[in-house]
Amino acid sequence: MDSKAGIVIIVGNQKGGVVKSQSTNELTFNLQEMGKKTCMIDFDTTSGLTERTFPDALPLSVDKDPLGNTFTPGEANAYQLFFPDTDVRPHELPDGRHIIGSTNELHEINYRPQDCIFDFKERITHLRQNYDYIFIDSAPEYNNLLIASHLVADYLLIPTLLEKSSRIGVGKQLSYMQRIRKNYNPELKYLGTYITQANVQNYNQPLLEGYLTAVETENLQRLFDILAEKNYGPETVLAYISWVKNLAKEAIELGLTIKEYSPASKPALQYQELTRRIIALTQEGH
């Protein structure tokens, strides 16, 4: 990879509802604030990241004709990345970040011949020259979109809740990463996992001895077991983002990140620390 090219990070888990889109929003906002030129790409066909970014209405750059009877993707729609000659121009947000959003028609890419992933790779090769970081919010399914994102990425970052289906999703995501690394992208690395909405019982206790509730402590130990099966240690769990009642909901309803809404809150500070760790780990790896 060109040493000047931006770093591409997939954020994904093979279980939905793990705070993937919200945490992608938090991390990219922090990166931009820290002086890193950042772009988000929404690869989830539910368009959660896009709708969170544009809560009132999609801009014409994502959907050219929102009232029309046919699909007319704009130049900032991820659908355009799978064709060699389409116009692709990310949408600039007021905070300086860029986004390539999605609509549910993105799912059609999964029914195209698989060689469309190589058109996507060429588009990203050019796009990454303009950024320090590109974050791809990946879908919880094994399909063309997932393979394409892993084909171009440098790192995989996995958010998870501390409950059974989410930690099983971590194991599946790592299995897919290893399969795609073997067949398509030998440079792809596992960056780490982070816990979202951790139910902290006592901040003064050791991690496995009362920091979390008993149920979440048990789920964390089982997550460590899953990571060990893939030859990764507990140190690859990079952060434990606290759950604070109503905080994220209120921030989302106001169209703000947690950092903007409540900068001194535990989650805001924890996301900042996770962002610093991501910078350190990725710069070290390059």
| task | Could you check which residue among P234, P206, P263 shows the biggest mean-square fluctuation in a GNM of the chain with a 10 Å Cα cutoff? | result | P206
| task | Can you check what the net charge comes to around L223, using other residues whose Cβ is under 14 Å from the Cβ of L223 (Lys, Arg +1; Asp, Glu -1)? | result | 0
| message | Between Q221, Q205, Q272, where does the largest GNM mean-square fluctuation fall for the chain, given springs only between Cα atoms within less than 10 Å? | response | Q205
| Direction-averaged shadow area of the convex hull around the Cα atoms of segment 173-286, nm²? | 8.8 nm²
| request: Please compute the net charge surrounding Y261, taking Lys and Arg as +1 and Asp and Glu as -1 over other residues with Cβ under 15 Å from its Cβ. | output: -1
| Mean 1/r over all different Cα pairs, inverted: what Kirkwood radius does segment 195-255 give, in Å? | 12.9 Å
| Relative to the Cα centre, what is the charge dipole magnitude of the chain, using +1 at the beta carbon of each Lys and Arg, -1 at the beta carbon of each Asp and Glu, and rounding to the nearest 20 debye? | 700 debye
| remark: Checked segment 1-81 with the C-alpha gyration tensor, a ≥ b ≥ c its square-rooted eigenvalues, rounded below a/c of 1.5, otherwise prolate if a/b is larger than b/c and oblate if not; verdict prolate
| field | Amide H partners (placed H, <5 Å) of I136, local residues excluded | value | I9, I10, V11, I41
| message | Which one, P186, L151, S166, projects farthest toward the positive side of the charge dipole computed for segment 120-204 from Cβ point charges (K/R +1, D/E -1)? | response | P186
| field | For the chain, calculated [θ]222 nm from helices alone, where every DSSP H run of n ≥ 4 adds -39500 (n - 2.57) | value | -11500 deg cm²/dmol
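I'd like the GluC sites (Glu not before Pro) in segment 143-237 restricted to DSSP loop residues with at most 13 other Cβ atoms within 10 Å, sorted by number. Mind showing how you got there, number by number?
Details: sites: E163, E187, E209, E216, E218, E229, E235; in loops: E163, E187.
Passing both the DSSP loop test and the Cβ count: E187.
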| task | Choose one of A57, T125, T217: the residue whose Cα lies farthest towards the positive end of the charge dipole of the chain (beta-carbon charges +1 Lys, Arg; -1 Asp, Glu; about the Cα centre). | result | T217
| request: State which stretch of the chain is the longest one without any exposed trypsin sites (Lys or Arg not before Pro), exposure meaning a DSSP loop state and at most 13 other Cβ atoms within 10 Å. | output: 5-244
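Each reported figure results from applying straightforward, stated rules to the coordinates on display, with no laboratory input. All values derive from a computational prediction rather than experimental measurement. When we count neighbours, we look across all protein chains shown, and the Cβ atoms used for this are built from the backbone with ideal geometry, even at glycine.
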